[in-house]
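Take a look at the structure below.
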Amino acid sequence: MKTRLLSAADPETPKLAGEIIRRGGLVAIPTETVYGLGADGLNPAAVDKIFEAKGRPGDNPLILHVTGAAQIELFCHDVPAVAYELAERFWPGPLTMVLPAKDCVPKRTTGGLSTVAIRCPQTAVTREIIRLAGVPVAAPSANLSGKPSTTTAAHVLHDHDGKIDAIVDGGPCQVGVESTIVDLTERPARLLRPGGVTPEQLREVLGELIVDKAVTAQVSQDEVVKAPGMKYRHYAPQCEVLIVSGGREQAASYIRAHFAPNDRVLCFEEELPLYEGCAPLAYGREAAVETLSAGLFAALRELDKPGIGKVYARCPEGGGVAYAVQNRLKKAAAFQIVNAEEAP
Ligand code: TXA
Ligand code: MG
């Protein structure tokens, strides 16, 4: 199959991409978070193609992308008022809500669950594609399963050239990490994955919010978790990643003392001078955490090359969007962290 590259700026693109989706094809779509691999979320045969292209385990459910809050009731039942309050405040945007699924949503899409994850993306061309497709678009991140997510059309082409119908190129994703997922099927609500909408912002609407264990710690393959995707090794380059925490100078002395010739350092731009000779790669500025979230996956993909020994990574501290960056980086590192202020 020839994978067509469609420009988001071309006025014909939404119609074309919408048609491919309506006919049961696969289209990679840009969103503010990461690129998604989209198909008709109500068509099990189309959804099957997503799992096949990604090599994704069948029990890992997909997010349904819709054009707005008015569509929630089409696919979900027993929707609490707070879902509409969240949609009012954060949609279109990087927030996914888990709600009880109506029967029209195939089990293939929900990974066999009785709930469905739903979100309205901010990227205007993608909302137009969904509108013209006339169906909700199921879309996981467009990376091959287990690999760092795709934040440019080139990343998607690298993973899926010749295997999907089209890629809509909308430029690099601004947020850069996947949407925040909040489970509204229990009270208090539960944070399943941190993202561009922060826990602090969610608490302003929800009051109480429980943070699922899978957000902060490694869960094993056989554990029952609320977001099945959280138990799989994720976001990871093929080599070992070790997070080195602690002050800038201490971290640099620890890394320089342990650094071997094929290793790499993933750090903040401000730290580049400290790692001369250690092949440093900066993923953004520590002083502007949104540059770190925007740059993280491109950097992890850059480090996903054979021949790299180990990656020493620096991780931002604190809440807000830094919390999402910590989550992705910790998962890439399989939660291996050393504190340079305590370690020899
Ligand atoms: O930002 C995003 O959310 C991107 C863009 C493309 O929208 N999509 C994305 O999809 O990150 P994916 O499939 O890579 O991650 C979806 C996560 C998985 O961890 C999955 O297990 C969880 O959402 N999930 C989906 N449906 C769920 C459900 N009904 N209950 C709990 N977790 C669910
Ligand atoms: Mg993903």
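Worth a mention:
- Test: GLU342 is assigned to a loop (DSSP other than H, G, I, E, B) and either among the hydroxyl-bearing types (Ser, Thr, Tyr) or more than 17 Å from the chain's Cα centre (by Cα) (or both): yes
- THR185 at pLDDT below 95 and away from ligand 2 (no atom under 16 Å from the Cβ): no
- Screening VAL215 with (1) touching a Phe, Trp or Tyr at 6+ places or on another chain (Cβ under 9 Å); (2) in a loop (DSSP other than H, G, I, E, B); (3) more than 28 Å from GLY25 (Cβ to Cβ); (4) at pLDDT below 95 gives one miss only, at (2).
- Residue check, ALA260 more than 16 Å from ligand 1 (Cβ to nearest atom) and assigned to a loop (DSSP other than H, G, I, E, B): yes
- Residue within the range 72-80 that is surrounded by 17 or more Cβ atoms within 10 Å (Cβ to Cβ) and within 12 Å of ligand 1 (Cβ to nearest atom) present: yes
- Among residues of the range 227-243 being in a loop (DSSP other than H, G, I, E, B), modelled with pLDDT of 75 or more and buried (at least 17 other Cβ atoms within 10 Å of the Cβ), the one that is nearest to ligand 2 (Cβ to nearest atom) is TYR235.
- Residues in the range 126-147 that are under 29 Å from GLU290 (Cα atoms), away from ligand 2 (no atom under 16 Å from the Cβ) and touching a Ser or Thr at 6+ places or on another chain (Cβ under 7 Å): THR126, ARG127, ILE130.
- The condition of being more than 20 Å from THR67 (Cβ to Cβ) and not small (Gly, Ala, Ser) holds for only one of ARG187, ARG127, ARG119, that being ARG187.
- The condition of being touching a residue at least 40 places away in the same chain (Cβ under 8 Å) and crowded, with 21+ Cβ neighbours inside 10 Å holds for only one of SER253, SER293, that being SER293.
- Here the range 148-174 is the region considered, the condition is being part of a loop (DSSP other than H, G, I, E, B), under 14 Å from the mean Cα position of the chain (by Cα) and crowded, with 23+ Cβ neighbours inside 10 Å, and the residue that is nearest to ligand 1 (Cβ to nearest atom) is SER149.
- Residue tally, condition without any contact (Cβ under 8 Å) to a residue 12 or more places away in the chain and part of a helix (DSSP H, G or I), over the range 266-290: 2
- Residue selected from the range 55-71 under the condition away from ligand 1 (no atom under 12 Å from the Cβ) and within 21 Å of the chain's Cα centre (by Cα), by the criterion surrounded by the most Cβ atoms within 10 Å (Cβ to Cβ): THR67
- The single condition among (1) within 22 Å of LEU37 (Cβ to Cβ); (2) away from ligand 2 (no atom under 16 Å from the Cβ) that PRO57 does not satisfy is (2).
- Some residue of the range 183-206 being of a type in the set (Asp, Glu), assigned to a loop (DSSP other than H, G, I, E, B) and more than 14 Å from LEU86 (Cα to Cα): yes
- The listed residue being at pLDDT 95 or above and under 21 Å from THR291 (Cβ atoms), out of GLU249, GLU269: GLU269
- Contacts under 8 angstrom Cβ, first residue in the range 27-45 being without any contact (Cβ under 8 Å) to a residue 60 or more places away in the chain, partner assigned to a loop (DSSP other than H, G, I, E, B) and not β-branched (Val, Ile, Thr), 6 or more apart: ALA45/GLY24
- Any hit, the range 151-163, residues being within 19 Å of GLY58 (Cα to Cα), of a type outside the set (Gly, Ala, Ser) and more than 16 Å from ligand 2 (Cβ to nearest atom): yes
- Yes/no for ALA46 being touching a Gly at 6+ places or on another chain (Cβ under 6 Å) and aliphatic (A, V, I, L, M): yes
The values are calculated or read from the model by the stated rules, or taken from the named source; none is laboratory data. Given the structure is predicted, the values throughout are model-derived calculations rather than measurements. Quick reminder, even Gly has a Cβ in these numbers, built from the backbone with ideal geometry, and neighbours come from all protein chains shown.
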